[in-house]
Amino acid sequence: MVARPVLIVCAVVAVFSGGLMRWWTRPAPNGATPSSASRSETPLERLTRRDQEASPDDAVVQGQLATEWMRLGLRTADSQHLLRARIAARRALMADPERVDALKVELLLLHHGHQFRDLRDAAARLTEQSPHDAFFVGVLGDAELELGRYDDAEVAYQRMMDLKPSHAAYTRVGYLRLLRGDVEGAISVLKLAATSADREDGDAVARALCELGDAYLALGTADTAFEYFTVALTHAPDLDRAHVGRGHVLRARGQPEAAAEEYRAAMASRPRAGHRAFLADALAAAGHEEEARNESTRALHDVVGEAREHARLLLDQGGDVVLAETLARQEMTYRQDVFTQAVLAYALVNAGKVDEARPLADAVVGLGTKDARLDYVVGLVDAASGNRDAARRHLDAALRGFPPLPPRVEAKARAMLESWAPRAPLSTWTAGKPPP
């Protein structure tokens, strides 16, 4: 059962990667025919040259530059590209405060910086000023979602649908349904998202297919999910998200070596701490302990600056619980979505603060999201609260769900269950099958 922000677990949240994100990652329309000199330039060199030659007072050109730097920054996760996007957007807005493309870049930068309250306020103002702009409405919904205000997010997404039924709108509605545990409903909407994606934009089609792959993982039909991830790679061979999805299925099938290759491919496409952590898990499951430790260490090094993922990795690896709690609380000041609540509950239960963890776990359960990591955390809190039956249910679900648990975490869950039911040895369990 899929942990969406981990799979995409992108710095920009999944809703952007599946919806309006494609607007920012598609190549900009071609202008004049490039000179013979510029034909030899790389896209980055050409964009850098245009930036250097542009007048800082030209709102049109600066807005275009902001958009292109933003596309490149989101695609590569390069902070310098994002900084250039910010500078160009500010220049454009100084010359023309109503410059829409620059305003959109400003919103995306707020999102990237996890400034979700500021994002909500800014998007709400822009929605009032431009009530028919679906982009602004969609971003408002995204901010509400990250703040844990799911009903408000639903209102915004429905308004977006009313304005313009589109790939971006269908994706958002589908994701929200996934969060609320309505997997079948999510699949029906995400199929509309896939069919409405621009057929000429291979990356958009591939991402739409991955949306469906994620949903089928949440449904527990891993073979169907694997097919969607595989077809996605025929449209975008380097899409990291498709490789990660295939890796999850291969891990669940008991093929850790093959899973590791998929995670390596994801890392080659887009180096991310989350991808590296999955690679470390697969290597550990395959018995490559030293290599797994090295990758785990590198993942912790790479994740600095991403508080929620940093806290989770620390806890998974048996690291500094105090630091993990501090990081999780820090993230909760910015976002209160179900995944952030779960990481804080994870830190609190490991610190022995069960009474504080309990309401967070209850909130996680109440939303109904199908996700192995959420089930694991709730199971820990239930066990610490003395509710063994509930703990058993959630830990069972965690062992069968997606993404696959890290080996260390999986071993702990199995040990807890075995200690409660020694006559039902879990070593004979396989993914997706009931215990003997």
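How many percent of all Cα-Cα pairs in the stretch 324-436 sit more than 21 Å apart? Across the stretch 324-436, Cα pairs with separations above 21 Å total 33 percent.
Our note on the geometry: Cα centres of the stretch 191-210 and the stretch 56-95, 26 Å apart. Candidates 333, 415, 352 compared by Cα position along the dipole of the stretch 324-436: farthest toward the positive end lies 415, with charges placed on Cβ.
Normalised by the empirical 2.2 N^0.38 Å for globular proteins, what value does the Cα Rg of the stretch 89-179 take? Please report the intermediate quantities before stating the final value.
Numbers: Rg = 12.9 Å, N = 91, 2.2 N^0.38 = 12.2 Å.
The stretch 89-179 yields a ratio of 1.06.
Please work out whether the stretch 77-134 counts as rounded, prolate or oblate from its C-alpha gyration tensor, where a ≥ b ≥ c are the square roots of the eigenvalues and a/c under 1.5 means rounded, while otherwise a/b larger than b/c means prolate and anything else oblate? Display every interim value, and only then the final one.
Values: a/c = 2.33, a/b = 1.27, b/c = 1.85.
It is oblate, given that a/c is not under 1.5 and a/b is not larger than b/c.
Please give the direction-averaged projected area of the C-alpha convex hull for the stretch 197-255, in square nanometres with one decimal. One quarter of the hull surface, i.e. the mean projection, equals 3.5 nm². Here residue 58 and residue 330 are evaluated by their C-beta separation; at R0 = 41 Å the FRET efficiency comes out at 0.55. Across the stretch 112-253, Cα-Cα pairs farther apart than 27 Å form 26% of the total. For residue 104, the lysines whose Cα falls under 24 Å of its own Cα, not counting residues fewer than eight places away in the same chain, are 164. Computed over the stretch 119-160, the percent of Cα pairs more than 16 Å apart is 20. Each residue, residue 184 and residue 234, gets one label point 7 Å from its Cα in the Cβ direction; the gap between the two is 2.9 nm. Normalised radius of gyration (Cα atoms, divided by 2.2 N^0.38 Å) for the chain: 0.99.
Calculated [222 nm] ellipticity per residue, helices only, for the chain: -23000 deg cm²/dmol; basis is -39500 (n - 2.57) per DSSP H run with n ≥ 4, divided by all residues, nearest 500.
Among 267-275, 406-414, 372-380, what's the highest-first ranking by average C-beta atoms within 10 angstrom per residue?
Working: 267-275: 20.1, 406-414: 18.6, 372-380: 26.8.
Averaged packing, sorted descending, gives the order 372-380, 267-275, 406-414.
Here the chain is treated with +1 on each Lys and Arg Cβ and -1 on each Asp and Glu Cβ, and its dipole about the Cα centre works out to around 440 debye.
Just so you know, all these numbers are worked out from the coordinates, no wet-lab data involved. This structure is a prediction, so every number in the text was calculated from the model and none was measured. Because the Cβ atoms are built from the backbone with ideal geometry, glycine has one as well, and the counts that use them run over all protein chains shown.
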